[in-house]
Amino acid sequence: MARGNRSLNSSSSKWRYCNPAYYLKRPKRLALLFIVFVSVSFLVWDRQTLVREHQVEISELQKEISDLQNLVEELNKVHGGTVAKIDTKGKTNKSAKEVSDDPVDNQRRDKVKEAMLHAWSSYEKYAWGQDELQPQSKSGVNSFGGLGATLIDSLDTLYIMGLDEQFQKARDWVANSLDFNKDYDASVFETTIRVVGGLLSTYDLSGDKIFLDKARDIADRLLPAWNTPTGIPYNVINLSQGRAHNPGWTGGESILADSGTEQLEFIALSQRTGDPKYQQKVENVITFLNKTFPDDGLLPIYINPHSGTTGYSPITFGAMGDSFYEYLLKVWVQGNKTSAVKLYRDMWEKSMKGLLSLIRKSTPSSFTYICEKSGGSLTDKMDELACFAPGMLALGSAGYGPDDSQKFMSLAEELAWTCYNFYQSTPTKLAGENYFFHSGQDMSVGTSWNILRPETVESLFYLWRLTGNKTYQDWGWNIFQAFEKNSRIESGYVGLKDVNSGVKDNMMQSFFLAETLKYLYLLFSPSSVIPLDEWVFNTEAHPLRIVTRDEGGVVKKLNEKKQKPFPRIGGRKEGRTG
């Protein structure tokens, strides 16, 4: 303390500069001090001015952020809450509906990928180039005319999973061995969704033109099927001779789903080749049906290709009806929801009014289900095939206003719970082919086989992507584990003849690799893998790029330079397997 006082009173101390008399005796120093004072004053004033200006800018930015937040809230009301929220700290928060990658997802995805490898290597070993594998007898069978159905169906799954060596070998087979010039009566529907769809999807993913060329080849062989008075196609055609007809068991009628489930693939083919003929053929069907489309949007499963009349036949969202309604929505999505594809959306919304009229609840557990209709009477029966509907409703809900959007999303969730219980209600935890709902008994298995179908897993995938609710992942994982326990054998995967006894059949359906395993893999993948705002899945789970349709729907050939290979998880993180 004494040292401090002495320092302050000393003439040699730095504190002498605080004494005014010091400057009065030294005019030059006084002038310098004045200059310094003025300069500092200007700096302070300038800083205060800058601060005020920044405060104004900050205030304006905060107002803009507030306005954006209000806009986001409005958009969320319209679009069902799918727009990310904005953080005033300058970061974009992940919406609750965005999907992140986590260790549990990684482990589950790896297990599904290993299952795909097991299925594929079994096919490769015992049925290479043939349509399907019979695992029990370790042999192949050509159930689709020898078009390599499992191989083509699996191409995009192999690509998405990053199984590069397996994909390349399959690609070489397509390039060197795939021949469509076969004297075989092919299903137009099955060939379109599996072969045309599989090839186009792989082209969209890889950018390899061999797949587009092959898709065009088979589509050209299918086109004569649409040469009918109404434009409604025959459902069977000879691939080498071009003769088309309908199967005898339909009484010469065309099937609704078989006639209305080629639009995605053929529109995509026209876009990618620049040739409008494919799109024109399939869109003529919808134009014709729309002329007499009923107010409830529900059509019987049989249509006369000569007159266009619909006879007395069931109305169902199950077998032979299902994908017609699916494609009304998905062509709208494929065209990026523009006015050029609004007709599809309008027809689909009519059909959803009809679907609501078929909804019933079971007792005592109040499971929501979709009835079938014959004439004026309803049958309390629902196919597992109809379990695509929850995913379709979830996907389409965003196109409604807030109230209807929530109504259809809630219905989707209720139906998904029912479909999940189709699995949980049996000893094997695998679903039967169809279910009946009797008063006081809830659900009971009708046809009791399981052939590795994907529909329930498909809907769980959509609901998880669109809600972020991980419960749907857990349900999917349970279903996958049931397949592993009951359907996996040393030489592949088989279906069950009876979901109650667990007795196995001798067929590995191609859609198990194309759909079931793909949807399971995507269920545990980040939402950036095949994002739903860039891709639309055909009914065989083959993703096609969304392309904005111009007014009038004029076909423009896509720029091939923009056809870049799609990045895969396996290619980036996991490396090669197998």
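The values are calculated or read from the model by the stated rules, or taken from the named source; none is laboratory data. Everything numeric here is computed off the predicted structure, so don't read it as measured data. For neighbour counting, all protein chains shown are included, and Cβ atoms are generated from backbone atoms with ideal geometry for every residue, glycine included. The protein model used for the area step is the full one, side chains on, heavy atoms only, and it has no ligands, DNA or RNA in it. Shrake-Rupley method; radii C 1.70, N 1.55, O 1.52, S 1.80 Å.
For the range 346-395, give me every one of the strands (runs of 3 or more DSSP E) that falls completely inside it and has 3 or more residues that are at positive phi and surrounded by 14 or more Cβ atoms within 10 Å (Cβ to Cβ).
none
Go through the residues of the range 323-330 one by one and say whether even a single one is in contact (Cβ under 8 Å) with a residue 60 or more places away in the chain, of a type in the set (S, T, N, Q), in contact with a helix residue (DSSP H, G or I) (Cβ under 9 Å, 6 or more places away or on another chain) and within 26 Å of Arg345 (Cβ to Cβ).
yes
Buried (at least 24 other Cβ atoms within 10 Å of the Cβ) and among the small types (Gly, Ala, Ser), is that true of Ser201?
Details: buried (at least 24 other Cβ atoms within 10 Å of the Cβ): yes; among the small types (Gly, Ala, Ser): yes.
Against the criterion (buried (at least 24 other Cβ atoms within 10 Å of the Cβ) and among the small types (Gly, Ala, Ser)), Ser201 qualifies.
May I ask you to list the residues in the range 206-235 that are under 28 Å from Thr309 (Cβ atoms), surrounded by fewer than 23 Cβ atoms within 10 Å (Cβ to Cβ) and of a type in the set (A, V, I, L, M, F, W, C)?
The answer is Leu223, and nothing else.
Name the single residue that is most open to solvent (accessible area, probe 1.4 Å) among those in the range 423-463 being assigned to a loop (DSSP other than H, G, I, E, B) and of a type in the set (Ser, Thr, Tyr).
Ranking the candidates gives Ser439 first.
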